[in-house]
Amino acid sequence: MKRKSILFGILGALALILFYFIVMGLASRNVEATFSQLRQMWYWIFALAGGFGVQVGLFSYLKMVIKHNAAHVGAITATSTGTSTMGMIACCAHHLTDVLPIVGLSGAAIFLTNYQIPLIILGIIMNFVGIVYILRVLKKYHEK
């Protein structure tokens, strides 16, 4: 794999972790709460970010290998990205419940809080599906 793809993968994982810190920091308005949540759920957060990073790296490699028609792979990556982002937001959901009812989204706050772990697991599964799909496309391309 090209170094550029590995770099993109690492940057993708770091971007998702940064997203976690921004959302959690804004939601809790407390740096200690952000790190406390990270200590409690580190395995979920890093699994989600790691899977996302691998997928971003593979996708960038695939785009370098197949320059002409990787649109369908982009769709699966976009879907997985949305699921990973939702999983990260779910990590912070119990802090969002203080704010969301004020802006009229109490149902969303309750949903995110009640389904925090299942949403994270769904994000991890979607990352896995995206990785397997990109690897299959790469394998088919290399068999030609």
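When region 1-40 is filtered for residues that are assigned to a helix (DSSP H, G or I) and in contact (Cβ under 8 Å) with a residue 60 or more places away in the chain, the ones remaining, listed by number, are 4, 16, 19, 20, 23, 24, 27, 28, 33.
Residue-wise test of (1) at pLDDT 90 or above; (2) under 30 Å from residue 58 (Cα atoms).
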residue	(1), (2)
2	no, yes
10	yes, yes
13	yes, yes
19	no, yes
23	no, yes
26	no, no
30	no, no
36	no, no
43	yes, yes
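Tell me, yes or no, whether region 100-122 has at least one residue that is modelled with pLDDT of 60 or more and closer than 22 Å to residue 10 by Cβ. Yes, because at least one residue in region 100-122 is modelled with pLDDT of 60 or more and closer than 22 Å to residue 10 by Cβ. Kindly indicate whether residue 126 is at pLDDT below 80 and under 17 Å from residue 53 (Cα atoms). Answer is no for this residue.
The values are calculated or read from the model by the stated rules, or taken from the named source; none is laboratory data. Being a predicted model, the structure only gives us computed values, none of them experimental. Note: ideal-geometry Cβ built from the backbone for every residue, glycine included; neighbour counts use all protein chains shown.
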